[in-house]
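Working notes for the structure below.
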Amino acid sequence: MSDFDPKLTFESFVVGPANRLACAAARRAADAPGTSYNPLFVYSASGLGKTHILTAIAHQALRSGPGPARKLEYMALEKYLERLESAIGGGDGDGLSLFEELDILLLDDVQFLTGQPEAQEMLLRTLDELSASGSQVVLASDRPPADIDGLDARLLSRFSGGLIVDIGVPEYETRVAIIRKKASERGQDLEPGVAEALARHPFQNVRELGGGLNKILATQELEGRRVHIDEMQALMGSVTSGGGPNDPEFDTFLDDLVASLAEAVGDKEDPWRRAFREAIDMADRHGISTLRLDPYLKGAEPEGWEEIHETFRSEVSRLREIEEQLDELGNPWPEAAAGVLKDPDRLQEAESLLASVRERQRGFPKLARGQVLDDLTDFPSIVLKAAGQLVGEDRPQYNPLFIAAEDEDVGRTLLGAAGRTYQVTHPDGRVAVTSVSDFADDFIRALGEGVAGAWRERWWTVDLLLVHGVEALSDTERAQDEFFHLFDALKRRGARVMLLSDRLPARISGIDDRLRSRFESGLVLELQEGTPGSDLILEQERISLEDTSPGLGMSLGATSSPAASSAEPDPAAPGEHAALARSAAHRRPAAVPGQVGGTTESPDEVSVPQPGKYGPWFPSRENAVIYWPRMPELLIEELDV
């Protein structure tokens, strides 16, 4: 970035009717290369801002956009041809490898393609190569493509396929704004009427206008005073320009100068006019539009001018505050901010943008210190293995993990431990812990504050989502839909999801079948009859709500069907833990009920494993669709794959 003039940015480019379209297209090319207006062809007479536009694109492209810095090249046509010829001479085929992985090519002085058919052929190949790779091409010339003598019809077609836009000579008001802005950049103030008088001088382009301003500023710097408007005739008479003392246009300038003297010079300027000029100068220094106040300076004293003046100044000040706050927050939408922050009439939009950025950047409550998965020795091995896979370093095999636990405290202990384990292996990962009720309330708040879009984007950035109280989805409508879209967005990103409910997904009434199917698409485990204890949970506003939980002792059993409830587990069996699962095993072809190992038996005759490492197993009709005498071992084998 040091290769580019730091002063030639979009912020220092004064936009007016003659260059508005060119500036807008250039900003678009810088913020979103290759997405529109490709190639972008900008033309104008010398000194009207082509170089400024190209350099501004370079600055903007290098400092905007997520991810690694963009790669760009900015060169004149002659330099471009020299590099291509050198590469080809060095054995680099057609030389196009020079532009591999290039995001933006900025090419100036394209008018010199005249009479160079080989150069046109080389440029044509470059355009095709960069367009195919999605790179942005911006070209500048002192004339439109149709006026470049001998231009290849294929090149003209390529240029016309993008956007061709010109920069015209700035009108009087824009010239005044340019003068004020350049003087402000130099840290100097001009006497009332001086900028207007200079803007009426018959300069041919902005470069000559800058030369006239330099004359004034040099005089002020060397003599330590401000140039007065009645000195303008003598100063401008010695400035080289398209006009001069013997030029008829210069006589018109003198007439205008006399008129401006009569208007602007006096023992004392009207208070309202001075106030408006000062407000306009303040806004100009920050690139903020003054279109609201400019018309007042051409007429008589407006009624209620104090209120008009104060309102404008307060809105400009507020826009500056919003811009500073957005910079501090790391504004994720710089393109949206570029327009609203420079127009007082769009202050409300700027306020909404700030609120959305605050919402988008808002953090999630943090897990308090507590147990990790390795500490939960009383939990079933199958459950710990599944949770460990979900939050491990490798991509999880079962995602989402749905835990059905009648004892919510037990389930929340597991949820919190999984979150802390993930934070150990993914210190930069973003973890969100919430209940369905809190999720719904938060969504209602975002709707009321008008930041629902930013609210969604915030949730969609989560790397691990931990949700408890999933059964409460039955009581929601719009929040259920939002949760469905959040679930899909996280799955597309490869984020991990762990859900906790007091019942299995099939028993949660009143939820969309699409949502239920997504809950069941990973692995569903059921915990029953645990000892109460909670180790979750959150830090609200940095206040830890940590609660150390006692050890957990759970017995294995399922009471969801008459068949299951009729069989009681042995309370004396040591290490009896509950873990009923369905997902991977259920996706296998189901066996015919009553058939085990190729023999036919009645369900009542199926042998039940004796108490051991995993305890007895009593499947309900809902939880098991195949008969397998060592279901826990089968599931552990699946998780070890």
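List the strands (runs of 3 or more DSSP E) that sit entirely inside the range 67-178 and contain at least 1 residues that are open to solvent by less than 50 Å² (accessible area, probe 1.4 Å), within 26 Å of Phe203 (Cα to Cα) and not acidic (Asp, Glu).
136-141, 163-166
Taking Ala183, is it open to solvent by less than 20 Å² (accessible area, probe 1.4 Å) and assigned to a helix (DSSP H, G or I)?
Numbers: open to solvent by less than 20 Å² (accessible area, probe 1.4 Å): yes; assigned to a helix (DSSP H, G or I): yes.
In short, yes.
Please verify whether Glu321 is in a helix (DSSP H, G or I), under 23 Å from Asp284 (Cα atoms) and among the charged types (D, E, K, R), treating the condition exactly as stated.
For Glu321, the condition - in a helix (DSSP H, G or I), under 23 Å from Asp284 (Cα atoms) and among the charged types (D, E, K, R) - is met.
Rundown of residues vs (1) surrounded by fewer than 16 Cβ atoms within 10 Å (Cβ to Cβ); (2) acidic (Asp, Glu); (3) under 26 Å from Phe203 (Cβ atoms); (4) modelled with pLDDT of 85 or more, yes/no style:
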| site | (1), (2), (3), (4) |
| --- | --- |
| Asp255 | yes, yes, yes, no |
| Pro271 | yes, no, no, yes |
| Arg277 | no, no, yes, no |
| Tyr296 | no, no, no, no |
| Arg318 | yes, no, no, yes |
| Glu321 | yes, yes, no, yes |
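Every residue in the range 407-453 that is within 21 Å of Ala472 (Cα to Cα) and in a loop (DSSP other than H, G, I, E, B), please.
Asp407
Can you pull out the residues in the range 359-406 that are basic (Lys, Arg) and assigned to a loop (DSSP other than H, G, I, E, B)?
Listed by number, the residues that qualify are Arg362, Arg369, Arg395.
Right, Ser521: surrounded by fewer than 21 Cβ atoms within 10 Å (Cβ to Cβ), outside any helix (DSSP H, G or I), more than 33 Å from the chain's Cα centre (by Cα) and on the phi < 0 side of the Ramachandran plot or not?
no
Provide a single number: the residues in the range 479-515 that are open to solvent by less than 10 Å² (accessible area, probe 1.4 Å) and part of a strand (DSSP E or B).
Summing the residues that are open to solvent by less than 10 Å² (accessible area, probe 1.4 Å) and part of a strand (DSSP E or B) in the range 479-515 gives 5.
Hey, any hits in the range 417-430 for a residue that's closer than 23 Å to Phe519 by Cβ, in contact with a Phe, Trp or Tyr (Cβ under 8 Å, 6 or more places away or on another chain) and of a type outside the set (Phe, Trp, Tyr)? So that I can check it myself, show each step before the final result.
As a first pass, look at the range 417-430 and keep what is closer than 23 Å to Phe519 by Cβ: 417-419, 421-422, 429-430.
In the following step, the residues that additionally are in contact with a Phe, Trp or Tyr (Cβ under 8 Å, 6 or more places away or on another chain) were identified as 429-430.
Filter once more, keeping what is of a type outside the set (Phe, Trp, Tyr): 429-430.
Yes: the range 417-430 contains one or more residues that are closer than 23 Å to Phe519 by Cβ, in contact with a Phe, Trp or Tyr (Cβ under 8 Å, 6 or more places away or on another chain) and of a type outside the set (Phe, Trp, Tyr).
Which residue out of Gly429, Gly453 is surrounded by fewer than 17 Cβ atoms within 10 Å (Cβ to Cβ), of a type outside the set (S, T, N, Q), more than 20 Å from Asp502 (Cβ to Cβ) and touching a strand residue (DSSP E or B) at 6+ places or on another chain (Cβ under 7 Å)?
The match here is Gly429.
For (1) open to solvent by 30 Å² or more (accessible area, probe 1.4 Å); (2) modelled with pLDDT of 80 or more; (3) part of a helix (DSSP H, G or I); (4) within 24 Å of Ala283 (Cα to Cα), each residue gets a yes or a no:
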site: Gly187; (1), (2), (3), (4): yes, yes, no, yes
site: Pro192; (1), (2), (3), (4): yes, yes, no, yes
site: Leu198; (1), (2), (3), (4): no, yes, yes, yes
site: Arg207; (1), (2), (3), (4): yes, no, yes, yes
site: Lys215; (1), (2), (3), (4): yes, yes, yes, no
site: Thr219; (1), (2), (3), (4): no, yes, yes, no
site: Leu222; (1), (2), (3), (4): yes, no, yes, no
site: Asp230; (1), (2), (3), (4): yes, yes, yes, no
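Answer with yes or no whether Ser474 is polar (S, T, N, Q), open to solvent by less than 10 Å² (accessible area, probe 1.4 Å) and more than 29 Å from the chain's Cα centre (by Cα).
No: the conditions fail for Ser474.
Where the second residue is surrounded by 22 or more Cβ atoms within 10 Å (Cβ to Cβ) and outside any helix (DSSP H, G or I) and the first is without any contact (Cβ under 8 Å) to a residue 60 or more places away in the chain and lies in the range 164-192, which pairs have Cβ atoms under 6 Å and are six or more apart or on separate chains?
Ala183/Leu190
The values are calculated or read from the model by the stated rules, or taken from the named source; none is laboratory data. Since this is a predicted model, take the numbers as computed values, not measurements. Note that each Cβ is placed from the backbone with ideal geometry, even for glycine, and that neighbours are counted across all protein chains shown. We work out accessible area using only protein heavy atoms, side chains counted, and drop any ligands, DNA or RNA first. Shrake-Rupley method; radii C 1.70, N 1.55, O 1.52, S 1.80 Å.
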